[in-house]
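Each value in this text was obtained by applying a stated rule to the coordinates, not by laboratory testing. In this text, all values refer to a predicted model and were calculated from it rather than measured experimentally. All Cβ positions, glycine included, derive from the backbone under ideal geometry; neighbour counts span all protein chains shown.
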Amino acid sequence: MTSRRNFLIAAGGLAGGMGLTSASGRAHATPEEMQEAVRKVIGTSRVRSGRVKLDLPPLIDNGNSVSLSVAVESPMTPADHVKAIHVFTEKNPLPNVVSVYLGPRAGRANIATRVRIADTQTVTAIAEMSDGTFWSGSMSVVVTLSACLEDGLI
Amino acid sequence: MASASAVVNVPANPKRGEIIEIKALVRHAMETGFRRTQLGAVIPRDIIRQFVCLYNGVEVFRAELHPAIAANPLLTFTTVASESGTIEFRWTGDKGFSVIESARITVV
């Protein structure tokens, strides 16, 4: 038979355990993990900064849905075009956001989507060109209402 | 899944060689796999993983999506209006999610 005292101890333990698991479950990626994800895409190549314009609102009220656009300077001809654009974040639970693959038939290397931003951080876009070079553009964003306050935003 | 869950915007009558902007939206919660119920159980991941756009059967744009893409994923991209025909959009994801939508295009 469960006494009131035993029940309360058990319930307290359960609540504490739940607190711990949800805290560990909300671990964010780190800039190092982002570098690792970038490394998986670029291999041993070097990323130069420039040619990529990443655009996000600098101040984000709600990280649930944030407009993100990437424009890459490229003539988009069969000989010289953007093959892929990859977007990474430092502090979302996972560093990868989106990877898009295009070619000369795109006409322009302009893409846009809506993303989730967990926290104040730097977002990076890397473009892979047809000649094998990689170019990047970054942007720092401030999230005024941190996604971490609202459990399970990301 | 009914095709009513997807909305695409393709200019119907572009000039030949014109660069057109295409928007593709699909209804999907994009459950990240990082959220928990009030009892602490992880809500399993359920996202769209891939989007492909085919212009008369030839792939012109492809995207790999991750949980950081907001719910009801919207993708905006461009293509050259080279010929009349059909532009097809395919979304595939977790739990066998698959939606196909298409739009007619007539170059003038």
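Would you mind calculating the relative contact order of chain B from Cα pairs under 8 angstrom and at least 6 residues apart, reporting the percent as a whole number? Walk me through the intermediate numbers first.
Values: 254 pairs, mean separation 37.3, N = 108.
Answer for chain B is 35 percent.
Sorting B:Arg49, A:Arg114 on the 10 Å Cβ count, fewest up front, what's the list? List each step's numbers first, then the result.
Values: B:Arg49 14, A:Arg114 19.
With the fewest neighbours first, B:Arg49, A:Arg114 line up as B:Arg49, A:Arg114.
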Cβ-based exposure ranking for A:Val142, A:Val97, B:Val108, A:Val66, in which fewest neighbours within 10 Å come first: B:Val108, A:Val142, A:Val66, A:Val97
Whole-Hz couplings from phi, Karplus 6.51/-1.76/1.60, listed for the range A:81-93; x for Gly and Pro: 8, 8, 8, 7, 10, 10, 10, 10, 10, 7, 10, 5, x
C-alpha center-to-center spacing [the range A:102-144, the range B:6-78] in angstrom: 16
Cut-off under 5 Å, modelled amide H: who pairs with A:Thr120 long-range: A:Val143
Dipole in debye (nearest 20) - chain B, about Cα centre, beta carbon charges: Lys, Arg +1; Asp, Glu -1: 220
Surrounding net charge for B:Val80, when Lys and Arg each add one and Asp and Glu each subtract one, Cβ distance under 13 Å: +1
Peptide-level mean, for B:27-40, of C-beta atoms on other protein chains within 10 Å: 4
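What translational diffusion coefficient, in µm²/s and rounded to a whole number, does the Stokes-Einstein relation yield for the range A:28-149 at 25 °C and a viscosity of 0.890 mPa s, taking the hydrodynamic radius as the Kirkwood radius over Cα pairs?
On the way: Rh = 14.6 Å.
Answer, rounded: 168 µm²/s.
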Label-to-label distance, nm, for residues given as A:Asp80 and A:Gln35 (7 Å Cα→Cβ offset): 3.2
Selected from B:Ile20, B:Ile47, B:Ile87 as most flexible by GNM, with chain B as the system and alpha-carbon contacts under 10 Å: B:Ile20
Fewest-first sequence of A:Ser67, B:Ser98 by Cβ atoms within 10 Å of each Cβ: B:Ser98, A:Ser67
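Sequence gap at least 6, Cα distance under 8 Å: using those rules, report the relative contact order of the range A:28-149 to the nearest whole percent. If you can, show how the numbers build up before the last one.
Values: 300 pairs, mean separation 42.3, N = 122.
For the range A:28-149, the relative contact order is 35 percent.
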Cα pair distances in chain B, grouped into 5 Å bins until the bin that holds the longest one, percent each: 2, 12, 22, 21, 15, 11, 7, 4, 3, 2, 1, 0
